[in-house]
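Here's the structure we're looking at; comments come further down.
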């Protein structure tokens, strides 16, 4: 089983909200609208949605790190 960790590069985020729409269990909006990670260690059932959010980010602000546990 692999562990997936997510982070958002705040300097790149344009506050489009797409990641929050695709994977609300992992991403949420700050007061300024930019996305932040709610839970850095992504639960297994959210891996696919988190990967999809990263793939859809128009500015590639989502960084995913996967490692074997």
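Values quoted throughout were computed directly from the atomic coordinates according to the rules given, and no laboratory measurement underlies them. What you see is a predicted model, and the numbers here were worked out from it, not measured in a lab. Don't worry about glycine lacking a Cβ; one is built from the backbone with ideal geometry, like all the others, and counts go over all protein chains shown.
Taking 0.36 nm per residue of separation and subtracting the Cα-Cα distance, what length does fully extending residue 68 through residue 40 add?
Roughly 8.5 nm would be gained on extension.
By count of other Cβ within 10 Å, fewest leading, how are 36, 22, 59 ordered?
Ordered from fewest to most neighbouring Cβ atoms within 10 Å, 36, 22, 59 come out as 59, 36, 22.
If contacts are Cα pairs under 8 angstrom and at least 6 residues apart, what is the relative contact order of the chain in percent?
After rounding, I find 47 percent.
Angle, helix 47-56 long axis vs. longest principal axis of the chain, Cα atoms, 0 to 90°, nearest 10?
It is inclined by approximately 40 degrees.
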